[in-house]
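*Asks:* Can you read through this structure? Questions will come right after.
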């Protein structure tokens, strides 16, 4: 139990350089590769991100070291908060109308970038639609810049783009956003680190235990292999579940491109992958 | 395939927190309490970019089914709140103590924790100190005394204090719901 291949590998990478300025992409990529092959050998590739994932440096001091405790959901956890039209204005689903949707902002210009529709369905683990629930998104602008006080990337801000949107799912669990395609952006994890382009999603289910915050990526991004946040999910099929697909049916002629991304919430059936259960086989 | 989680990252501040998010009831209401604390990392350093959400029954134990959390009217109890940590790693809610959803059950705040550096969200619970039903709660009963202490708030004159430690000594017990 104490000597699974996974924990040996973790041991070797447990004390990475904390000097982000000198750690190279090659070193990060080597750590990613090592953890991926360790997970494969342990037969437990993670369908959820490994919260203990040293290549993502900020995770080192911010992940619990003890196992999650099983708790049968109590009544309150089997319900979720309700959101309605009192909470969300329909225009908040359109990030291209300039500045804060649903407010009386005077800004009316259009944001720079490739216009896209992002649409899909939120369903539970049994394929049932999650209807009338809140979906929130936030993203960088086309130049890879966020509107945020801590943002240091010297790419241009877009006065017509806040990168923030909300909507409620329809009766069939569908959501629909109009936005622009975000750019990749540099970050401080290591020297010359770049995140693949992504849109952050915050999703509520029918039960509190289905709460999900995640990121949607675009197909074919050359940065996938280099990114320790995306690679913290070691199971390729699970990683693929974060990729939108180009959908020509969602495009608008002479106006915008379209991407489809469906979201499947768990009831909590398989949340963590850490190798608590050693594989039962003899070498 | 279940959609995996990803970290909330550093830039959620523009999108997720909102005015009144942490005021489930108006400050100053006679039965209002302050539920607050710090979020710490494995070095004991406060985390200035975490976000806490709570979801709870009302004082009578009823599970709220009302909308309006994002634009509170000051009268409707929706049972849900969101607070980001400040520069000091401190978070704070104004709310009421939840009642038991069934007779004899230990009431608690259901909690979910997000932070930059935390690759997936974490669930936990905040139990009320000294509540007689705590002794019969299946989760609390399954924990050591030290672990149990991480899930029970501390009484204060103005309400409840609950610190969250993501790692290390006094690490908060986090949950999975199978």
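Laboratory data are not the source of any read-out in this text; all were calculated from the coordinates shown. It should be emphasised that the depicted structure is a prediction, and the values quoted were computed from it without experimental measurement. Here Cβ is always computed from backbone atoms with ideal geometry, including for glycine, and neighbour counts include all displayed protein chains.
*Asks:* At residue A:191 and residue B:59, where each label point lies 7 Å from the Cα along Cα→Cβ, what is the point-to-point distance in nanometres?
*Replies:* It works out to 6.1 nm between the two label points.
*Asks:* As an exercise, use a Förster radius of 22 Å and the Cβ-Cβ distance of residue A:126 and residue B:18 to find the FRET efficiency, rounded to the nearest 0.05.
*Replies:* 0.10
*Asks:* For residue A:40 and residue A:114 in one chain, what is 0.36 nm times their gap in residues minus the Cα-Cα distance, to one decimal in nm?
*Replies:* 22.8 nm
*Asks:* Label 7 Å along Cα→Cβ of residue B:102; region B:130-147 residues with amide nitrogen under 18 Å?
*Replies:* B:132-142
*Asks:* With an 8 Å Cα cut-off and a minimum separation of 6 or more residues, compute the relative contact order for chain B in percent.
*Replies:* About 28 percent, as a whole number.
*Asks:* Going 7 Å from the Cα of residue B:73 along its beta-carbon direction, which residues of region B:24-65 have the amide nitrogen within less than 19 Å of the resulting point?
*Replies:* B:24-27, B:29, B:58-59, B:63-65
*Asks:* Further question on the same structure: Shape verdict for chain B, please, from the Cα gyration tensor: rounded (a/c under 1.5), prolate (a/b greater than b/c) or oblate.
*Replies:* Verdict is rounded for chain B.
*Asks:* Would you mind getting me the FRET efficiency between residue A:149 and residue A:225? Use the beta-carbon distance for r and R0 = 35 Å, nearest 0.05.
*Replies:* The formula returns an efficiency of 0.65 here.
*Asks:* What FRET efficiency do you get for residue B:1 and residue A:247 if R0 is 22 Å and r is their Cβ-Cβ distance, rounded to the nearest 0.05?
*Replies:* That pair, residue B:1 with residue A:247, gives E of 0.75.
*Asks:* Let me ask you something else. What distance in nm lies between label points placed 7 Å from Cα along the C-beta direction at residue A:255 and residue B:43?
*Replies:* The two pseudo-label positions are separated by 5.1 nm.
*Asks:* Now for a separate question. Please quote Rg/Rh for the protein assembly as shown to two decimal places, taking the Kirkwood radius as Rh and restricting both calculations to Cα atoms.
*Replies:* Looking at the protein assembly as shown, the ratio lands at 0.95.
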